[in-house]
Amino acid sequence: MFNFKIIQEYGNARLGVVKTRHGKFKTPVFIPVATLACVRALDKRDLDEMGAEVILANTYHLFLRPGDELIKKLGGLHKFMNYDKPIVTDSGGFQAFSLGFGMEHGVGKIANNIFLEGLKEIPIRKGEKWASVDDEGVTFKNHISGEIVRLTPRKSMEIQSNLGSDIIFALDECTSPLSDKDYTARALERTHRWAEECLKHYNKKQALFGVVQGGEFKDLRIKSAKFMAEKDFAGFGIGGSLGKSKQDMLNIIEWVVPLLPDEKPRHLLGIGAVEDLFNCVERGIDMFDCVAPARWARRGHLYVSPTEGGNVKNKFRIHIQNAKFKEDGNPIDRECDCYVCQNYSRAYLRHLYVSNELTYFRLASYHNVYFILRLMDRIREAIKENRFYELKKEWLGYV
């Protein structure tokens, strides 16, 4: 069972509801990433308390460990991780990039940005790639055992069927922003052939999304969007290289969105910075996923709202290791009503972080994920009340 209903529109921004076999979730939505069937440092009770309505798990990594067949034997991903709400799984296509050209070129999805959000704090390891793509699929070097493993469109569908997720993605080739147009065009043809193969072999109890590719090239993106729109997908992802700047990413969305069916949801894969959420919702994106909140938390970066000094320049974050927080008795964010902000100070969080206490990772991750989920609540509310641009200006300082 899968259904998407648009409740209200404000310009290109849409307020909607997605219904799946395991319940529903409101859109636009930020989906916390549970790579190995777990949002790092958090459990089901945490996710329920903070109001998470859907999560995304990683097909490739669960295939390697503990294995999709084991998860199926134990009742599927929902039972395995004791999660009774909707679960999305990706196809493994992003790992083909991140372990392939991402490593070889030393780039993320946007060329002048390091993975996720563009800060130079997390360098990408550049070196020999661990994945290579051919017309039939992807060959990986298993980072756990060193063995060679193979992922094809049919195999991706089989793995995701074994996992039992509600929304799945067709296997695609996620291209590098440094790939030229000739290579990107060939990769696009592969992605389109793989999409057709996935449509033949997926579990019809699951909702299959196709992925629009084409890199930074307008004609290729338009070609891909038209191709995907004609196929019987439940929704669409926008993936691959998103150009060489955030403006390139926005251009790509503006090219693609008008060509996709209005009645189906659009998922921007792997994007989740505060500024991006506003700008992409404004352009008609319904779903986002990103590891950013928990990953930045583990590295000491905690989200704060504009009233606490959060802005586009500092990515709405403070670094808790800063000496000025040593004696700061305030919560991370005085506007935040999460469990952490209601019970602990910046001074205490800083103490835990510099002491490398495990409790820090849970508390920081809890705050960051909660913060983004509440921001999405505010965005949905603003769309409903026809004041989206007021909220955007309040946060970003521009419309």
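What follows draws every value from the coordinates through simple rules; no lab data is involved. Keep in mind it's a predicted model, so treat the numbers as computed, not measured. So basically every Cβ, Gly included, is an ideal-geometry build from the backbone, and we count neighbours across all protein chains shown.
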### Task
Compute all pairwise cysteine Cβ distances in the chain, then list the cysteines with no distance under 4.7 Å to another cysteine.
Cys38, Cys174, Cys198, Cys280, Cys290, Cys338
### Task
Take every Cα-Cα pair in region 240-347 and report what % of them are more than 20 Å apart.
50 percent
### Point-to-point label distance, His351-Glu196, nm (Cα→Cβ direction, 7 Å offset)
6.4 nm
### Task
Sticking with the crude label model, points 7 Å out along Cα→Cβ, report the distance from Val17 to Leu70 in nm, one decimal please.
3.9 nm
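Assign unit charges at the C-beta atoms only (+1 for Lys and Arg, -1 for Asp and Glu), then state the dipole size of region 298-394 relative to its Cα centre in Debye, rounded to the nearest 20. Working shown, then result.
Details: 18 positive and 12 negative charges, 80 e Å.
Here region 298-394 has a charge dipole of around 380 debye.
How big, in percent, is the set of alpha carbon pairs in region 298-394 lying more than 20 Å apart?
Details: 1691 of 4656 pairs.
I get 36 percent for the Cα pairs in region 298-394 exceeding 20 Å.
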### Message
With every atom except the alpha carbons ignored, what do you get for Rg and Dmax of the chain, in angstroms?
### Response
20.2, 61
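What size of dipole, in debye to the nearest 20, comes out for the chain about its Cα centre when the only charges are +1 on Lys and Arg C-beta atoms and -1 on Asp and Glu C-beta atoms?
On the way: 59 positive and 52 negative charges, 77 e Å.
In debye, rounded to 20, the chain gives about 360.
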## Note on the structure
Per the charge dipole of the chain (beta-carbon charges, Lys/Arg positive, Asp/Glu negative, Cα centre), the residue among Tyr389, Phe63, Ile285 reaching farthest to the positive end is Phe63
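Pairs Lys246/Lys392; Lys44/Lys244; Lys5/Lys226: which are spaced more than 27 Å apart, C-alpha to C-alpha?
Details: Lys246/Lys392 17 Å; Lys44/Lys244 37 Å; Lys5/Lys226 22 Å.
The pairs that break the limit, which is 27 Å between Cα atoms, are Lys44/Lys244.
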#### Entry: Sites Asn203 and Lys26 - FRET efficiency at Förster radius 41 Å, r taken between beta-carbons, to 0.05
0.95
#### Entry: Positive-end extreme of charge dipole, region 113-271 - chosen from Leu260, Gly235, Ser165 (charges on Cβ)
Ser165
### Query
Counting pairs of Cα atoms in region 183-284, how many percent are more than 23 Å apart?
23 percent
#### Entry: DSSP bridge orientation in region 3-290 - percent antiparallel, rounded to nearest 5
45 percent
### Query
What ³J(HN,Hα) values, in whole Hz, does the Karplus curve 6.51 cos²θ - 1.76 cosθ + 1.60 give for region 224-232 when θ = phi - 60°, with x put for Gly and Pro?
5, 4, 5, 4, 5, 4, 7, 8, 8
### Query
Please state the relative contact order of region 298-394 as a whole percent: Cα pairs under 8 Å, 6+ residues apart?
24 percent
### Message
5 Å is the cut-off here: which amide hydrogens, built 1.01 Å from N in the peptide plane, fall below it relative to Ile110, excluding neighbours closer than 5 in sequence?
### Response
Leu242
### Message
If amide hydrogens are placed 1.01 Å from N in the peptide plane, which non-local residues have theirs closer than 5 Å to the one on Lys231?
### Response
none
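Please go through region 332-399 and write out the chymotrypsin sites (Phe, Trp or Tyr not before Pro) that DSSP classes as loop and that have at most 13 other C-beta atoms within 10 Å. The partial results should precede the final answer.
Numbers: sites: Tyr339, Tyr344, Tyr348, Tyr353, Tyr360, Phe361, Tyr366, Tyr370, Phe371, Phe388, Tyr389, Trp395, Tyr398; in loops: Tyr344, Tyr398.
Taking region 332-399 and a limit of 13 other Cβ atoms within 10 Å, the loop chymotrypsin sites (Phe, Trp or Tyr not before Pro) found are Tyr398.
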### Query
Can you list residues whose amide H is under 5 Å from Ile7's amide H, if they're 5+ apart or on another chain and H is modeled 1.01 Å from N?
Leu15, Gly16, Val17
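Within 10 Å, at most 10 other Cβ atoms, and a DSSP state outside H, G, I, E, B define an exposed site. Report the longest part of the chain free of exposed trypsin sites (Lys or Arg not before Pro). Numbers along the way, then the final one.
Details: sites that count: Lys120, Arg125, Lys204, Lys313.
Segment 1-119 is the longest.
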### Query
In degrees, nearest 10, range 0 to 90: what is the angle between the Cα axis of helix 246-256 and the longest Cα principal axis of the chain?
50 degrees
### Task
Would you kindly state the longest site-free stretch of the chain, with sites defined as GluC sites (Glu not before Pro) in a DSSP loop (not H, G, I, E, B) surrounded by at most 15 other Cβ atoms within 10 Å?
1-120
